[in-house]
Structures are given as structure tokens and as C-alpha cells.
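The values are calculated or read from the model by the stated rules, or taken from the named source; none is laboratory data. None of these values were measured; they are calculated from a predicted model. Because the Cβ atoms are built from the backbone with ideal geometry, glycine has one as well, and the counts that use them run over all protein chains shown. The area values use the complete protein model at the heavy-atom level, side chains included, leaving out ligands, DNA and RNA. Shrake-Rupley method; radii C 1.70, N 1.55, O 1.52, S 1.80 Å.
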Amino acid sequence: MNDDFLKLLVRKRIILIFVFLFFALVIYELVKIQLIENVAYLAKSEENSIKKMEQQAPRGVFYDRNFKLLVTNKPSFVAILNPTKYDSKFDSLIEKKLQLDSGYIQKVFSQSTTSRFLPVKIKKNVGYDFIAWYEENSDSLPGVSYEIEIQRDYLTDISCAHAFGYTNEITSKQLQEKKDIYSYGDIVGSTGLEKYYENELKGQKGISYILVDSKQRVIGKYDDGKQDIAPVKGNDLVLTIDYNLQKVAEESFKGYRGGIVAIEPKTGEILVFSSSPTFDLRQFTGGIPPQKWKELSNDPKKPLFNRVSSAKYSPGSAYKMVLALAGLEENIITTSWTIGCGGGFLFGGNFFRCTHAHGSVNVTRAIEASCNTFFYQLMLKIGLENWAKYSRIMGFGSKTGIDFPEDNSGLIPDSNYYNKVYGKGKWKKGYLVSLGIGQGECSVTILQLAQYASLLANFGETYQPHLVKGIIENETQNYIPLKFEKVKTPISKKTFDIVRDGMFKVVHGSGTARSVFIPNLTIAGKTGTVQNPHGANHAVFIAFAPYDDPQIAVAVLVENVGYGATYAAPIAKKIIEEYLVKKNNIEELVETTIIN
Amino acid sequence: MRVSYKIQDRFDFGLFAPMLFLLIIGLFAVYSSTINHPVAGDNFYKHLIWIIISLFIYFFIFILPKNTIRISAVWIYFSSFFFLLLVLVIGDVVFGAKSWIRFGDFGFQPAEYAKVGLILILAYWMSKEKEKLSDALTIVCSLAIGFIPVILILAQPDMGTAIVFIIITITMLFWNGLDLFTMFLILSPGVVAIASLFGWVALLVTLLLVAAGLIFFRKNIFISVTIFIFNAIAGFAFEYFVRFLKPHQQLRLASFIDPYVDPTGAGYNIIQAKVAIGSGGLWGKGFMNGNQTQLRFIPQQWTDFIYSVVGEEFGFIGCMFVLILFFIILWRLLKLATNAKDRFNSLVVLGVFMFIFTHFVINIGMNLGITPVIGLPLPFLSYGGSSLLAVIVLMGIVQNIYKNRLEQV
């Protein structure tokens, strides 16, 4: 830029003036705060640092349907070491007192992901004996301390682990998603109701401002704690679970694998939700020990797996009422339509077996005696589309809408499905025959079976199955009942009457589950024995009672044991007996007392 | 042309060495503030990788033939427009601003890219037609080039980058020979508009100053009155316009003027940064030993508050060392801008000078509590891939110009 060289030099000087001015200002400021006022700033940094501390809020508690307290909170001691003050010569002593492996403390220090200035939680769930010993000797144990953490406490002898679920420290992935609500180290619901109702249960964290020095020593409260915000406990849940019934279910399932669900048909309230084998939630409080986790997840019996609403099974003969409903409601058959059962059915070159030679059977008799031959032929008569339609009407093949994180849809194949899997026109009608007896490619959950039993019990009307009746708001202590959607089928009462009659005879006629008979009680049910590739047959039983005014509907599935009537039905019987007989006895007792 | 085979004559170590030192100091500061952090623990390694990649690009740009940069100016500027629009559509919101475009794990800030584009296009435009320097149309076009992207950047909103754009544009016009009266003409409406935010008294006082300025320039009465009316309209119209903004937008404007509107957020950071720097003393508390830094009193310290890490752990000596390094770079840049034979080259170097100086002033000023909290990184030191790459690319362009400084193209 030769043309206006002089002018450019002037412009350069103007800019330089700004540069010099700013550098002078910065140097002045640095000299002032770093050299002249250094002592004051050092004091501020050393002694007067305000640190914002979050305080854990107690989670809401769980009650059963009769307001029996099931899950609550308890304080727990956590041993803490402060690396800046702690002397490693105490390692072996502390390790012995806390029952830790030798060298554990140094291992934790070296693996710690946080700053070496910050205290390390060395052990959770520390016993009172350690705290007592520490309190006596605290003067000679620099850098050792403890704090109180709030943990879940399980008050009763029922497990109910899959329904309740467990809590755990928030994962970094969850933290990324909800940065504004949670912070590092927060406890959140990981599974079950703890997860589904997390927003109700979590409460509000408290905030306290404390004064700490450079070594993270607490000097005192900032502003006498006037700025602090106290934590607010979460809202309580009132479950639909019946403690006594759940206990009976868990006890009768000991040693078996499978699940049981009991529902009050008129409301959709789940009385029993039990998956077996189960596990002890007490092992999970205050974080899951990795070793325990490994042990449980590697267990071949899969105790962590929720068999009630996550596992899919073929329903077996318990599914036969779907076909009966479809045939009758679509006017494809009537009660006078009979077939002759000679012990099986020959179709497309394959022989499909029946349990006995039942002779001449109509629809009621076929349900009562669980005649496969009848349903093989009915399946071909009603066709795949009607079968799939009525399966959906009865709640299969879709989510139940339960207030629970796990709600498997199961699988109801239709022609689209078969076209996709086998190719259009490449699948045979013979594939359908086994669907008629609830075998083959259809699969359902135990929860869906229980809802199905509810619909049969209550003439096609119930509510979405649910585990929580209502919420007790912490602030007001008001009980707020929750509302769930109504489930209604378009099937006529007349059709239900015929099918229910068949189910009644299963127990009270010459049916497959006469052993379930309880004096003075009318029970309707249906057995199922499910062939499966994993070994012996699964035993299935669905039932409802009393027949005229159903108050309970039950679905039981026991894995790999044999006949439904032998293994599943007795468990259902116990549940129904416990619920209705004892309840009625109490009512009678009350009545007689009043009369006397 | 004098041909020299000495390397010093083709590569300016006076620009390269201080930059390298600043990058190393930045690495130490990022390491200290993040290595023990639960979420940001791997930032040091990411930062190191970004430095290595950027330096490769730096040398690549250095060896490019002399005309490449001039030719690419238009392309870079208009493609940066595209990205600025794109970020408003698909951008990620980070700390309240929609300023990130993500491709999987990799993210970049179009605003940083646009800063490079701005400097190049302005230099290109202003050096095109020498004779038309004072042509009103050229000036208006230059202002349009600089200010239209500002609208897109304010939409994110990214106040810091918008300020950088405005300052660079006006300073480059000034460097290109704009007379004082035109400077006054351009700057006064903006000053009046900003003053209107501070209330009626400030607005009236500023308008009086404008009137005084007009008298000083002794233009004819008609022109002077027109300019004064224009200024007054700018002030009142802006004040009126602000009332129609949504409450949260008004709050954002308010916190631009006074960061203590939000004392638990931005105000808290300034206090803690000042305590960190002040407590560093003469020699500092030592690497990895600053309690303010290690106990994480300042959130995201490794980005905009990196200078407070230096201040706390390396003390007055460390702070002064950083200042001296910046001073050498700024001095060399200004010298090169003056000496470069070619107008385009001179303007580019001045643009880079202004880029570094504006970031430096706003960032250091914020750390010391002199200027309001405006989120701008400290060049060469702050963690952040896009901004680091942008400033090193600009330094590479300068180095390329240094190589050809004695040539007139």
C-alpha cells in the first residue's frame, strides 16, 4: 500500500493506542488483584468458598391395596475417606474394620474418576459397630468420616421384586438425556414401578450452601442456612397388590419357574403379580454390587427376567375360547354344530392328535373336555383373519397398557405375517391348524392371559390392568385415585354365556380341572398344556370366580412341568380360595356377630 | 523482487513461536481443569488431536500458491452462509444457543467458519477496485457483507460472534482508508441504538454528543440535520422495537448490559474466576494445585474461563507470559499489515489482527470482570475444536501472506 503510506501509519498508530490501552488496563488489573490484593483473594479462595451441595430427597413409599406399608426408606451409613487428609498407614486397620479385602482402599483411590481433592465413598451400608468404633477414635483417624444416605427399605416378607423394581445410580446416558433434572450420582428408578412412577416418587432435591476451605473441609453453613432449600419427599403409591395374596402366590411357586397374575375383573386392579424365581431387592439397596449382579444375570434360571409381562409363551388350550367366541359371534357355528372326535384329525397328509376319542362334541363340550379335534376343524372353518381379529379383541397381539415399563405385545400372526415370513402363496392352511389349539406361531404374555380371563369373567368389559390404584400427594397428604381406560369388546352376552358355560363345566362338570372344585364356590376355568422346544410341557390354567359375580380372574403358567390340570390349576385354586373363602368367612363372621 | 533463500525470510517465527507457546500453555490449562472431571475427562486428548490436525492444515495453507486464498474468498464466504442457515434448521442447542451442527460424534460451529469467510471476502471486495475506495456504494456493500451474516448469527443467538463481525467489518473499512466523517456516520446510529437500552437520559446525552460531533465536522447544515434526524430515529425506533420483543428476549438484552441480572449464573462465574486469578499471586499455586480449578467452582472453565486456570495455577508470571505472547503476535500482525505490498494481503492480515484482538479483549476482560460476560473463547488456549481450527487457519493464511508480502499481485 504505497499510495497512502503516511496515512496508513497514522491508522496503525490509532489502532496501537487501543492495543496499548487495553494491555495497560489488563496489567493494572492483574497487578491489583494478583499482587496487591492477593492475600484477600487467597483468603477468599482458601476459607470462604461457597459450595452448593445437593441433598437427596426421600422417595415416595409403597402401600398395598389395604394400606399396608410395603416399601419405605431407611438411613444408611456410608464410610468416607478424604484423600488429602487421610494417611495410608491406616489402610489395613480400616480395611479390617470394614471387612474389605487387603489393598482395596489404594485400589479405589487409584481408580477414582473424580478429583483427588474430593472425598471418596469407600463403603456403603456400613454397620453400627463401625460407626461406634469411629466415634470413639475419630480424633486419631484423620481424613476418615461417614455420611448418611437414604436407601430403600423393604418391610415385608414378600419379594414382589419384578413389580417393585429397583433403584440405581443414574447412568451417564440417562444423565445426558435429562441434564436439567438430575445430576451426577443421583438415584433413579431402574426397573418396575420405581422406573414407571419415577416422576411421582423422586421428590425434590434439597440444596444447602456450605462454606468449605481449599481442602474441602466444611467450615460451616453459608448465611446460617437461610438460603438452603429443604428436600421434599416424593409422592406415595397405593398399589393394587394384595399383600396376603401375593404371599400365597410366591409361596406356592417356590421351586417352580413361571408366573401368576390375578386381576379384579371389574376394575382391572392387579391383585397378584409374581414372577418366579425371584430375587431379594434388599441386596440392591444403595447400588448393586457388581459381583451380585453377575451372579444373578448368569443364573441359568434367570431370576431377573420378568416372566409375567416380558416373556412370551404359546398359550396352549387356554386359548380355545378365542375360537369359540369367533365362531359363535360371527354366526359360523351354533351350539348345535357338532363334530365326531375319533382321537385326532387328518389334514393335508398330517395327523393332528387329540387327547382322547371324545365322540360327538359341540362347542360347550369341546371346551369342557378340551377336545383338540373340534378346534382344529373350527380353526379351518373360521379362517385366519377371524382368528386374528378375535385374538386382538381379547387383548392379544398388542400392549395391555399396564402402568409398568415392560409390556410385551406377544405375537398374533395374520396373513400379512405369513406372507412376509414364508412368501406370498407359499404357506399352507395346515400351518393354521395348530393355531386352533394355541400352539404354533402365536405367543402371549401371562399378563395378557389374565386380562383375557378378566374379559371372559366380566362379559367383555374391564379396565386396563394396573398396579397402582392411586397416589398420596406428599404436600397435601390427599389420596388421588388414578384413572385407567376402559376395555370393552363388541362381543354379545349370548356368545359369552355359551363360552362361560363351557368353562364352568371344566371345573364343575366332567371337565379337565375337577380337582379345583372348592365347596360353596363356583369357579370357571380352562387348562392348557403347552408343548415347547425347551423341555417338558408348560402347565397353564386360567380361571375366574365366583361364576355369577366374578371378583377375581387368575392366569398361572408353570414352565416345563407337565399337565396344566396337575401343576397350574392347584396354584390358581389356592389364590382363589385365599381371596374368596377367607374374605367371605370374614364377612360372614362380621354378619353373624351383628345378628348375634 | 528481492529473492532470499533464508528461511526466516519466508516463514515468520515471530508469529509461529508465540502461537506454539500459547497452544502448549492451553494444553496444560485444559489438562488441569478437565482430566479429573467426571464428564469432560477426555477433553485433553480431544484438544491435543485438534491442535495436531490444525497445525497440519496450518502448514498446508502456508505452502499454497500465492493466489489461492484470494480465489477461494468468495466460495468460503457464501458456503459459510449456507452453514449459518443450516444450523438454524438442524442445529443442536448448547447453553441456550443453536450454534452446533453435528455429524455423529463430530460437531462444528458454522459461526467460526464464517469468521474466516468474512475476513477474506471483505479484503477481496475492498481491494478489487482501488479507485472506488470512497465510493458510497462500495462502503454500503462492505457493510452489507459484514452485517447480513450478523442477523443469522443473532438468531442463534450468539452475541459474541456478532460483535466480532461488526468490529472486524468496521476496522477493515477504517484500514482501507475510510475518512473520519464516514466512520462517524456508520458508528453513530449503532451507538445511539445501544444507548437507548440504558434509558432516556443515556439516549439524550448520546444524541447531544452526536450533535456536537456534527458541529465539529462542519458539514453543511442540511447534511448535518439529516444525519442527526437519522440518528434520533435509530435510537427511538430501537427503543420502541425492544418493547415488542418477547420477555425472554428482553431479559437476554438486559443481561447483555448487566450480567448481574442473573447473579447465580453468569455473575457467579465472574466472581469465582476473579477469586481464582487473584488467589494465584505472583507464582501461582502450581500445576494441578489450584483449589478453585480442581474443586470445579467455575463451570465449563476449560472453554471461556481458561485464563482463570492460568491465573490460579501459574500466577502473575503465567498471566504476564500469556499477555507478552499475545502482544508479540498482535505486534507482528500489525507490522505485516502495514508492510504488505498488496492491498488484499494487507487487509486480510489486519482482519486476522482484529479477530485475535477482539477475542482477546472480550475474553480476558470477562475473566477479570472488566467487560460483560459474552461467550467468546480465548484464541489458542480455550478448549473447542472449531474455534481453535479457525484461528490456526487464519494464522496459516497470514504465514502464507508473509511468504509473499513483498509481491504486488
**Message:** Anything in the stretch A:459-470 that is over 11 Å from A:ILE270 (Cβ atoms) and surrounded by fewer than 22 Cβ atoms within 10 Å (Cβ to Cβ)? List them, or say none.
**Reply:** A:PHE459, A:GLY460, A:GLU461, A:GLY470
**Message:** Residues that are assigned by TED's automatic domain parsing to the domain that holds A:PHE396, in a loop (DSSP other than H, G, I, E, B) and either over 32 Å from the mean Cα position of the chain (by Cα) or touching a residue at least 12 places away in the same chain (Cβ under 8 Å) (or both): does the stretch A:316-325 have at least one?
**Reply:** no
**Prompt:** Of these, A:GLY234, A:GLY268, A:GLY287, A:GLY225, which one is modelled with pLDDT of 90 or more and closer than 26 Å to A:GLN151 by Cβ?
**Reply:** A:GLY234
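Rundown of residues vs (1) modelled with pLDDT of 90 or more; (2) aliphatic (A, V, I, L, M); (3) surrounded by fewer than 14 Cβ atoms within 10 Å (Cβ to Cβ), yes/no style:
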| residue | (1), (2), (3) |
| --- | --- |
| B:ALA17 | yes, yes, yes |
| B:TYR31 | yes, no, no |
| B:HIS47 | yes, no, no |
| B:ILE51 | yes, yes, no |
| B:PHE95 | no, no, yes |
**Prompt:** Looking at A:GLN246, A:GLN216, which is the one that is surrounded by fewer than 20 Cβ atoms within 10 Å (Cβ to Cβ) and either at pLDDT 90 or above or within 14 Å of chain B (Cβ to nearest Cβ) (or both)?
**Reply:** A:GLN216
**Request:** Mind listing whichever residues of the stretch A:347-372 are on the phi > 0 side of the Ramachandran plot and in contact with a strand residue (DSSP E or B) (Cβ under 9 Å, 6 or more places away or on another chain)?
**Result:** A:GLY359, A:SER370
**Asked** If you scan the stretch A:278-309, which residues turn out to be within 30 Å of A:GLN439 (Cα to Cα) and open to solvent by less than 30 Å² (accessible area, probe 1.4 Å)?
**Response** A:PRO303, A:ASN306, A:ARG307, A:VAL308, A:SER309
**Prompt:** Can you find even one residue in the stretch B:274-284 that is under 14 Å from A:LYS44 (Cβ atoms) and out of contact with any helix residue (DSSP H, G or I) (no Cβ under 7 Å at 6 or more places or on another chain)?
**Reply:** no
**Asked** Residues in the stretch B:311-336 that are out of contact with any Gly (no Cβ under 9 Å at 6 or more places or on another chain) and within 8 Å of chain A (Cβ to nearest Cβ): how many?
**Response** 5
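Identify, from the list A:TYR418, A:TYR390, A:TYR452, the residue that is buried (at least 18 other Cβ atoms within 10 Å of the Cβ) and more than 23 Å from A:PHE541 (Cβ to Cβ). Talk me through it step by step, then tell me what you get.
Working: A:TYR390 fails: more than 23 Å from A:PHE541 (Cβ to Cβ); A:TYR452 fails: more than 23 Å from A:PHE541 (Cβ to Cβ).
None of the other options fit; the residue is A:TYR418.
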**Complete:** Of those in the stretch A:1-55 that are under 30 Å from A:ILE229 (Cα atoms) and open to solvent by 70 Å² or more (accessible area, probe 1.4 Å), the residue modelled with the highest pLDDT is A:GLN55
**Request:** Being more than 16 Å from the chain's Cα centre (by Cα) and under 24 Å from A:GLN34 (Cβ atoms) is the filter; apply it to the stretch B:351-409 and report the residue that is most open to solvent (accessible area, probe 1.4 Å).
**Result:** B:ILE370
**Message:** Contact list please: Cβ distance under 7 Å, first residue in the stretch A:48-76 and charged (D, E, K, R), second residue open to solvent by less than 20 Å² (accessible area, probe 1.4 Å) and modelled with pLDDT under 85, pairs at least six apart or on different chains.
**Reply:** A:LYS51/A:VAL212
**Message:** Condition first: assigned by TED's automatic domain parsing to the domain that holds A:GLY259, within 25 Å of A:ALA569 (Cα to Cα) and touching a Lys or Arg at 6+ places or on another chain (Cβ under 6 Å). Can you find one or more residues in the stretch A:329-343 that meet it?
**Reply:** no
**Item:** Exclusive hit being closer than 16 Å to A:TYR390 by Cα and within 27 Å of the chain's Cα centre (by Cα), set A:LYS483, A:LYS488
**Value:** A:LYS488
**Asked** Taking the condition touching a residue at least 40 places away in the same chain (Cβ under 8 Å) and not hydrophobic (A, V, I, L, M, F, W, C), does A:GLU329 pass?
**Response** yes
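Give B:PHE11, B:PHE16, B:PHE59 a once-over and let me know the one that is under 17 Å from B:GLN399 (Cα atoms), out of contact with any strand residue (DSSP E or B) (no Cβ under 9 Å at 6 or more places or on another chain), more than 14 Å from chain A (Cβ to nearest Cβ) and in a loop (DSSP other than H, G, I, E, B).
One residue alone meets the criteria, B:PHE11.
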**Request:** Restrict the check to the stretch B:298-307 and report whether at least one residue is at the interface with another protein chain (Cβ under 8 Å from one of its Cβ atoms), open to solvent by 40 Å² or more (accessible area, probe 1.4 Å) and not in a helix (DSSP H, G or I).
**Result:** no
